[in-house]
1. Name the residue from LEU50, THR25, THR40 whose Cα lies farthest towards the positive end of the charge dipole of the chain, charges +1 on Cβ of Lys and Arg and -1 on Cβ of Asp and Glu.
2. From Cα pairs below 8 angstrom and at least 6 apart in sequence, can you work out the relative contact order of the chain, rounded to a whole percent?
3. Rounded to the nearest 500, what is the 222 nm mean residue ellipticity of the chain from helices alone, with -39500 (n - 2.57) per DSSP H run of 4+ residues and division by all residues?
4. Considering all alpha-carbon pairs of the chain, what whole percent are spaced by more than 18 angstrom?
5. If I model a spin label as a point 7 Å beyond the Cα along the Cα-Cβ vector, how far apart are those points for ARG8 and THR40 in nm?
6. If the only charges are +1 at each Lys and Arg Cβ and -1 at each Asp and Glu Cβ, what is the size of the charge dipole of the chain around the Cα centre, to the nearest 20 debye?
Amino acid sequence: MKYLDEYRDPHLARRLLTGLRATATRPWTIMEVCGGQTHTIVRQGIDELLPAGMRMIHGP
């Protein structure tokens, strides 16, 4: 499948997390807006990798 490897690239994930930690200098709350996002975020453990000040909440 085209682009599938890009979504599973651990080096890219580390770079993105480093960028989030540098950018989130104060607490953030981010809302997931669909159940598919929530399922993927939790299944892949993304919610556990986020910086301490970044919180995910479930959308409407």
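Rule-based calculations on the coordinates, nothing more; no lab input. This structure is a prediction, so every number in the text was calculated from the model and none was measured. Using ideal geometry, Cβ is built from the backbone for each residue, glycine included, and neighbour counts are taken over all protein chains shown.
1. Of LEU50, THR25, THR40, it is THR25.
2. This gives 42 percent for the chain.
3. Numbers: 3 runs with 27 residues, N = 60.
Calculated mean residue ellipticity at 222 nm is -12500 deg cm²/dmol.
4. Numbers: 725 of 1770 pairs.
Tail of the P(r) past 18 Å holds 41 percent of the pairs.
5. 1.4 nm
6. Dipole size: approximately 160 debye.
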